[in-house]
Amino acid sequence: MPAAVRARQLGRYFVQMKAPAVADAVLRSGAGTSAPQRIAATGALRAQEGAIAQAKSLGGSVTFRYKVLVNAFSAQLSAKAAAALAQRADVQS
């Protein structure tokens, strides 16, 4: 298969954000109530918005969003799009 064709093929990628997940934020706060959990969940999802918008603009599609144990999302992307996302300051891996 030619390299140009392979570069356009989509693969599934797991994109982890640098912002903390809900579990990390709740553990750090020392609180066990649902209010810190809601705040952390909102923050985790908000942290993903820019990277998700970029993934979509590069032809990708988000297949799942994670927020509780890890702040991340999975997406169908080309290798080139995945490499571009990896360069973002807010993306851990």
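The values are calculated or read from the model by the stated rules, or taken from the named source; none is laboratory data. If you're wondering where the values come from, they're calculated on a predicted model, not measured in any experiment. Quick reminder, even Gly has a Cβ in these numbers, built from the backbone with ideal geometry, and neighbours come from all protein chains shown. Side chains included, ligands, DNA and RNA excluded: accessible areas come from the protein's heavy atoms. Shrake-Rupley method; radii C 1.70, N 1.55, O 1.52, S 1.80 Å.
Only residues that are in contact with a Lys or Arg (Cβ under 7 Å, 6 or more places away or on another chain) and over 22 Å from Ala21 (Cβ atoms): list them for the stretch 43-93, please. Residues satisfying the conditions are Gln76, Ser78.
The C-beta contact set for the stretch 39-66 (first residue touching a residue at least 60 places away in the same chain (Cβ under 8 Å), second residue outside any helix (DSSP H, G or I), distance under 8 angstrom, 6+ apart or interchain) is empty. Restricting attention to the stretch 37-77, which residues are within 23 Å of Gln9 (Cβ to Cβ), open to solvent by less than 20 Å² (accessible area, probe 1.4 Å) and in contact with a Leu (Cβ under 9 Å, 6 or more places away or on another chain)? Selection gives Ala51, Ala55, Gly60, Ala75, Leu77.
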